[in-house]
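Let me begin by presenting the structure, written as structure tokens, before commenting on it.
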Amino acid sequence: MVSVEQSHGNDSHLGQYLGQGVGALQRQDPELYRLLELEHERQLETLSLVASCGVVDPSVLAVTGSSIVNVTAEGYPGKRYHAGCRNVDEVENLAIERAKRVFGARYVNVQPHCASYANHTVMQSVLNPGDTILGMALDQGGHLTHGSPVNLSGKLYDVHPYGLDDTDALDYGRMAELAQEHRPKLIVCGTTSFPRAIDFDRIRSIADEVGAYVLADVTHIGGLIAAGLHASSIDAAHFTTTCTFKQLYGPRGGLIMMGRDADTLSADGKRTLSQRIQSAVFPMMQGSPEVHTIAAKARAMGRLLEPGFRELAERIVANAAAMAKALTARGYEVVSGGTDNHIVLFRAPGGLNGLIAERALERCDILVNKNKVPGDTRSATVPSGVRLGSNTVALRGLGPSEMDTCVDLLDTVLRAVEPGGGGAFHVDEAVRADVAAQVHRLCRDFPLPYDRSAAADLVGAGAEL
Ligand SMILES: *Cc1c(COP(=O)(O)O)cnc(C)c1O
């Protein structure tokens, strides 16, 4: 690990405190430290193509480990229920101001503990139990919290799911029909595995016709929106939610944002929609905020505002396109024929399924995740597809030509897999060892920002993305 003394290069009290913590952990709890160290090494040496992952910068990690965590700060800046919140108030305001600038939002709440809570909170703010909503079906690419029967959202509300048409495009026509038929109060959009752009304006028009609110959960594409590489949902939707750890490369947490509807009056005719969100986050859904996470959100937003982020986002899109192209060239069936974002979804070839593909690739230190493909007849635990994402490889600095190499390695593994009975499989050891060695070389040539070999640059260059 990069020691704190090294990366701070100063003797501030905070720096010493963080360094003491690592030293004490090493000495006092070697069992746990060893596991953390192993995990660190695993991340350095594996090629993650998991679409729902990002990687935090060491500076973001330092913030989450700072002593600001000790402050209990129920309430909002200037209106806390405890003393000692002077600095915390400034940190929260900084996070809000930066998030507003990153997304061009008029209102931001930085307190949601995660995107799932953010979604529940928006629903709580404008819906009553039993109200009707439209959400994208889980097996079409929607998220659990968009009304899936196994989630609280599916239990509390009367959900009518929409999905994709037979060309794997988002079925706006069906969404409009469902809206006319069921007069929902809320339409939830945003997905976990849809590789194409989403037309938020069109969804808003569908909602306006029936007087519904729109919640855009942009968790997967938040970074592309921030960089201007995907149309923004901020003004198109009434509410935008996102997590901060996938494409925003920040800490685990969520945001709720609003644009032109921030001051729109809610149904009671008294409070605005943003006022309703404010009281729905606290005190309706959450207690004290995670102030260290809010501070880390501020740090992550600061990085998104740096000019280098646009370049990274461009690489995310170019890399995903290159992977889709390379897969197609090797005969794979890529869902919707390509991608507009960071996601590539393809059908596991031959006698394989998504689970075997995922496991075989993991043995060679290539990380992907099994995923349903549209119209999948298999289950979510053993689905037919594999989902790839380019967030982490783009952050490592790999570009489109290396994506061809990555797909080549992936293809080599999948060709070498011999499926057995009951989910068992075999990969030839010579193939496995060769692919793993090539993966390790790539990982060393394109290190993560907290890799040993990158540490020297970090000290000098500061916050380069
Ligand atoms: C990952 C994801 C979430 C959940 O985010 P958490 O912060 O883990 O709760 C919500 N919505 C979408 C679309 C996601 O992809």
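The values are calculated or read from the model by the stated rules, or taken from the named source; none is laboratory data. Every value quoted in this text rests on a predicted model; they were computed, and no experiment measured them. So basically every Cβ, Gly included, is an ideal-geometry build from the backbone, and we count neighbours across all protein chains shown.
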**Study point:** The listed residue being outside any helix (DSSP H, G or I) and away from the ligand (no atom under 16 Å from the Cβ), out of P195, P184, P161
**Key:** P184
Practice item. Could you name every one of the helices (runs of 4 or more DSSP H) located completely within segment 354-447 that has at least 3 residues being over 21 Å from the mean Cα position of the chain (by Cα)? Key: 354-363, 400-416, 429-445
Check your understanding: For segment 114-122, does any single residue satisfy the condition of being touching a Lys or Arg at 6+ places or on another chain (Cβ under 8 Å), of a type outside the set (D, E) and in contact (Cβ under 8 Å) with a residue 40 or more places away in the chain?
Key -> yes
Check your understanding: Listed residues G190, G154; which is closer than 19 Å to I277 by Cβ, at pLDDT 95 or above and either within 16 Å of the ligand (Cβ to nearest atom) or out of contact with any helix residue (DSSP H, G or I) (no Cβ under 9 Å at 6 or more places or on another chain) (or both)?
Key -> G190
Review point. Can N128 be described as within 16 Å of the ligand (Cβ to nearest atom) and assigned by TED's automatic domain parsing to the domain that holds I221?
Key: no
Exercise for review: Among the residues of segment 320-345, write down those that are within 18 Å of T405 (Cβ to Cβ) and part of a helix (DSSP H, G or I).
Suggested key: A320, A321, A322, M323, A324, K325, A326, L327, T328, A329
Check your understanding: Say we look at segment 250-265 and pick out the residues that are of a type in the set (A, V, I, L, M) and within 16 Å of the ligand (Cβ to nearest atom); which of these is nearest to R204 (Cα to Cα)?
Key -> M257
Practice item. Examine segment 149-159 for a residue that is without any contact (Cβ under 8 Å) to a residue 12 or more places away in the chain and either crowded, with 21+ Cβ neighbours inside 10 Å or among the aliphatic types (A, V, I, L, M) (or both), and state whether such a residue exists. Key: yes
**Study point:** Within segment 110-120, considering residues that are under 15 Å from E290 (Cβ atoms) and crowded, with 24+ Cβ neighbours inside 10 Å, the one nearest to the ligand (Cβ to nearest atom)
**Key:** A115
Check your understanding: Does L18 qualify as being out of contact with any Lys or Arg (no Cβ under 8 Å at 6 or more places or on another chain), surrounded by 15 or more Cβ atoms within 10 Å (Cβ to Cβ) and in contact (Cβ under 8 Å) with a residue 60 or more places away in the chain?
Key -> no
Exercise for review: Quick one: count up the residues across segment 236-247 that are away from the ligand (no atom under 11 Å from the Cβ) and either among the hydroxyl-bearing types (S, T, Y) or not in a strand (DSSP E or B) (or both).
Suggested key: 4
Practice item. Check Q140 against each of (1) more than 16 Å from the ligand (Cβ to nearest atom); (2) over 30 Å from L448 (Cβ atoms) and name the one condition it does not meet. Key: (1)
Exercise for review: Scan segment 55-77 residue by residue and report those that are of a type in the set (A, V, I, L, M), part of a helix (DSSP H, G or I) and touching a helix residue (DSSP H, G or I) at 6+ places or on another chain (Cβ under 7 Å).
Suggested key: V60, A62, V63, I68, V69
**Study point:** Qualifying residue in segment 285-305 (condition: within 25 Å of Y213 (Cα to Cα) and either assigned by TED's automatic domain parsing to the domain that holds A216 or more than 16 Å from the ligand (Cβ to nearest atom) (or both))
**Key:** yes
Review point. Which number in (1) within 15 Å of the ligand (Cβ to nearest atom); (2) within 18 Å of A231 (Cα to Cα); (3) in contact with a helix residue (DSSP H, G or I) (Cβ under 9 Å, 6 or more places away or on another chain) marks the one condition that F200 misses?
Key: (3)
